[in-house]
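Nothing in this text is a laboratory measurement; each read-out follows from the coordinates by a stated rule. Given the structure is predicted, the values throughout are model-derived calculations rather than measurements. Don't worry about glycine lacking a Cβ; one is built from the backbone with ideal geometry, like all the others, and counts go over all protein chains shown.
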Amino acid sequence: GTERSVKYDALLRPVAIIENGRCVERRRYGGPDTKGHNQCGQCIRHDDPAGSQMDDEFALAGGVLEQTRHFLFNPENVDWPEPLAERDALLESGPGATTRWAHSPLGDVISQTDAQRNVQTFAHTVAGHIEAISLSLPGQTERVPVHSIDYDAQGHVTSETAGNGVVTKALHDAANGRLIELKGTRADGQLLQHLLYDYDPAGNVLRIDDRAQPTRCCAGQRIEPVSTYQYDTLYQLIQATGREAKKLNQGPVFPSFQCPLDPTHLAKYTQTYRYDASGNLLQLTHTGTQSHSRTLVTSQTSNRSLPVINDQPPDEAAIAAAFDANGNLNELQAGQAMSWDWRNQLQQVRPVVREAGDDDKERYVYDASGQRLRKIHTTKAKAVVHNAEVRYLPGLEVHSNSATAETLHVIVTQAGRNEVRVLHWQAGQPEGLENDQVRYSFADHLGSGTLELDKNAHIISQESYYPFGGTSWWAGRSTIEASYKTIRYSGKERDATGLYYYGLRYYAPWLQRWINPDPTGTVDGMNLYRFVRNSPLRFADQQGAAPYDVPITVVVANDLSEFNPEQLSKMYKVRDVAVSLLTFTRSELLKASPRRDVKKAFDATFGALDPSARAATSIDVEDSLRQMQELIEPIGSPESDLTLFLFNGPEQILASTDFRGEFQESVERIGVSASLLANYDVLEGARSLIHEASHVRLNTVDAFYYLTDPDKLLVDGADTAQVKAWSGEFRQSLRKISKHGPNEKQFDPADYTVAMQALTENAHTPAQRKQEFLSNATTRTSLLLMNADTLSSFVMATKKPARYAKKRMNQSGN
């Protein structure tokens, strides 16, 4: 087991973390003497398993302006002493790697200077989106990797121009935000990428057509550049077709590299997938020029699985032995041992084990947040041990290789849809490759790098993927040049082990599962190894924790810590207003004689009720409001158990609740649209937050909505008259539904039908449901309390929102 303790200072700030008797972290905070650099109260030195991070200067808004990373001389099993001099002695000598940032008054980063003095400058639109990036290497003229980035109202990138003249255009469905066309065109008009997407009504990708690739005929086969997909009733992928290299390598190994692409070496394939009830892959069947299958056996007592090898299925004992007590996989493949640290982070993989020692191995070192900062690959050749290392810094990767005497700096820029990397060799430049080579990577809807171009828009490499991330074919103009590609499937780095590094854990594409349990727990259901809900064309995962719906939303911030200052301030106002409205309404419901406006809103919501039913319903409503208030009030504090994320999506979606579990029975997190915070009044935000909180605490469903006209939503800074009219619209809509019943022709009645049938047997037809709703007060009240939009609309139908707006105007002097 692991024993962990935390030491705090007099202000209850953590200053040391002890794990199994070793001090793995220490923190030092700025005091009054450091106020000149805005360090007072900030953590200014953080010693962690990778080394020491010094935050030397802060902006007034709290953003870091200057940060220096010192790496450990020996990264294994650090034990930080308390004296500063003794801690410094454990670090590599030298000034460290310093990164500097400049911020706008709104907190946007406008420039970044990395540890090698490469300067990236960011231009923003009035909405805060990045519009262009310029890059200056020391002693060189400025270059512009990407510019003219345009966005639609949902924040999707619609057009951008790369520094090599390639224009990428993306077309999204206005009704739901799904990407339907992605086109990349060279300056001379040649199409380099042209992807067309077809979806089913639920948003699952059915077909991807690459019009930039020709149809080929080979060995009597017509090979079209088309991929198709089929799903089961749980929307898990069960069949896929596409193109692949004729010579395959199963497992973590790449298929043969084609130089150049040979059309006769491509063939069609079909893959089918079968899962158990928990979403574990049972069998992959591959049909193509080299047909094969892969079968996995899952434990009866957990979701731990192992592949069948040499037709010998593993038994329960073998599966148990293949994982440690925390569920981490012990071997990548037979004889390839993996080691894990006390934080369940992959520490080392040994692909080659030698009796005399000096194993080939790949070791990983992480910072305090769990992000990888070092990758050290050790090999032995002719009795000589060589190290190839990558160090990860903000906007920069430093590669070194003792076998080739190579030192390579990779400058990374990311804006819009695509990524640009500049390869600068300080030593060991390979023959035939130019220094400061600019490589433009173009991606598909998942962010997978499918096309690499040089500064003249000529193809460096092309790559295609199987649905779950394996490479189906790979081609380019030079084997050496293509070998410097590291970012592949889903925009993630593929290690020499064949594993993809996602940030919080590693993914094995040939197994279609994570190699250790979800470190955040059951945020995506009880199966902690399942990858993106077995729907890899629709869902992606940024960190290895929580999949998100790619076609519909673009995640802007994963939690409150990633909101910009303006968004965070607005979010806290939304929280405070929601709490104020809930507190007021609850207090009135507890009175024997509530205020007249609350009584009118209550009657409009629930219709005519006898005195006993009215009293019982009032108690139920007050208790429901209390539960939502208890969820909302701690938002932003350590006591909150709710995760809020920010997204760009269709204009009509202002907020959302992400569910988890096979039957979507549990809430994962609440999403808030960036448009809601930027364009709408805090009262509209409070209504949306209360609506989503009812999903979380009350398990409500979206049976129907009250205010459905988007033109009647409350825009930012609405005056008192506008708020009064807005509340009046809610009272009118509430009264209309309680008197006449929901109009099933105005919304998708699926959830409404299910809810009614759960309450009464007399709900098979629209006429029966309407009659039951109007004549049976118990059914009507129960249904209204099951509907997520009911209580948020009831609260807004009182006069409290107008009183808030009036007070706001008086305070502003209007």
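Helices in the chain, meaning DSSP H runs of at least 4 residues, each add -39500 (n - 2.57). Divided by all residues, the mean residue ellipticity at 222 nm is -6500 deg cm²/dmol. For segment 285-315 versus segment 564-587, the spacing of their alpha-carbon centroids is 51 Å. Net charge dipole, segment 79-194: roughly 480 debye, given to the nearest 20, about the Cα centre with Cβ charges of +1 for Lys and Arg and -1 for Asp and Glu. Annotation for segment 339-422: GluC sites (Glu not before Pro) lying in DSSP loop with at most 12 further Cβ atoms inside 10 Å of their Cβ are 355. From the residues 758, 781, 734, which one has its Cα farthest along the dipole of segment 721-814 in the positive direction, the dipole being from +1 and -1 charges on Cβ of Lys/Arg and Asp/Glu about the Cα centre? Working it through, the farthest residue towards the positive pole turns out to be 734. Under the combined filter of DSSP loop state and at most 14 neighbouring Cβ atoms within 10 Å, segment 73-174 retains these GluC sites (Glu not before Pro): 76, 92, 142. Judged by the ratio a/c of the largest to the smallest principal axis of the C-alpha gyration tensor, segment 248-395 counts as oblate, that ratio being 1.5 or greater while a/b is no larger than b/c. Amide H to amide H distances under 5 Å link residue 164 with no residue, where only residues 5 or more positions off or on other chains count and H is placed in the peptide plane.
Rounded to the nearest 20 debye, the dipole magnitude of the chain is 1520 debye, with +1 charges on Lys and Arg beta carbons, -1 on Asp and Glu beta carbons, and the Cα centre as origin. This ranking places 708, 34 by how few other beta-carbon atoms lie within 10 Å of each, fewest first, which gives 708, 34. Which angle between 0 and 90 degrees, to the nearest 10, do you get for helix 596-606 versus the longest principal axis of the chain when only C-alpha atoms count? Taking Cα atoms only, the helix is inclined about 70 degrees. With both residues required to sit in segment 1-107, DSSP beta bridges show an antiparallel share near 95%.
For segment 153-158, the Karplus equation 6.51 cos²θ - 1.76 cosθ + 1.60, evaluated at θ = phi - 60°, returns couplings of 5, 8, x, 6, 6, 9 Hz by residue, with Gly and Pro reported as x. Overall, segment 555-812 carries a charge dipole of about 1500 debye about its Cα centre when +1 sits on the Cβ of Lys and Arg and -1 on the Cβ of Asp and Glu, all other atoms neutral. When the alpha carbon gyration tensor of segment 1-107 is reduced to an equivalent ellipsoid, the three semi-axes, largest first, read 26, 18, 12 Å.
In the chain, the convex hull through the Cα atoms has an average projected area of 40.1 nm², a quarter of its surface area.
Packing order of peptides 374-387, 715-728, highest average first: 715-728, 374-387 (average count of other Cβ atoms within 10 Å over each peptide's residues). Using the alpha-carbon centroid of each, what span in Å lies between segment 68-145 and segment 466-487? Using only Cα atoms, the two centres lie 29 Å from each other.
Remark: segment 407-414, residue by residue, has Karplus-estimated 3J(HN,Hα) of 10, 10, 9, 10, 8, 10, 10, 9 Hz, where x stands for each Gly or Pro and the curve is 6.51 cos²θ - 1.76 cosθ + 1.60 at θ = phi - 60°. Considering only 228, 706, 123, and ranking their Cα positions along the charge dipole of the chain that arises from unit charges at the beta-carbon of Lys, Arg, Asp and Glu, the one farthest toward the positive end is 706. For the pair segment 47-65 / segment 671-688, the C-alpha centres are spaced 32 Å from each other. Classify segment 1-64 from the C-alpha gyration tensor, please: rounded if a/c falls under 1.5, else prolate or oblate depending on whether a/b exceeds b/c. It is prolate, given that a/c is not under 1.5 and a/b is the larger ratio. For segment 330-437, the list of chymotrypsin sites (Phe, Trp or Tyr not before Pro) that fall in a loop by DSSP and count at most 16 other C-beta atoms within 10 angstrom reads 342. Taking a ≥ b ≥ c as the square roots of the eigenvalues of the Cα gyration tensor of segment 162-288, is the shape rounded (a/c under 1.5), prolate (a/b larger than b/c) or oblate? Judged from the Cα gyration tensor, segment 162-288 comes out oblate (a/c at least 1.5, b/c at or above a/b). Along the axis of the charge dipole computed for segment 1-107 (Cβ charges of +1 for Lys and Arg, -1 for Asp and Glu, origin at the Cα centre), the listed residues 34, 90, 75 are led at the positive end by 34.
Beta bridges assigned by DSSP with both partners in the chain are antiparallel in approximately 95 percent of cases. Within the straight-line cut-off of under 17 Å between alpha carbons, the lysines reachable from residue 800 are 573, 591, 599, 600, 724, sequence neighbours fewer than 8 places apart in one chain being disregarded.
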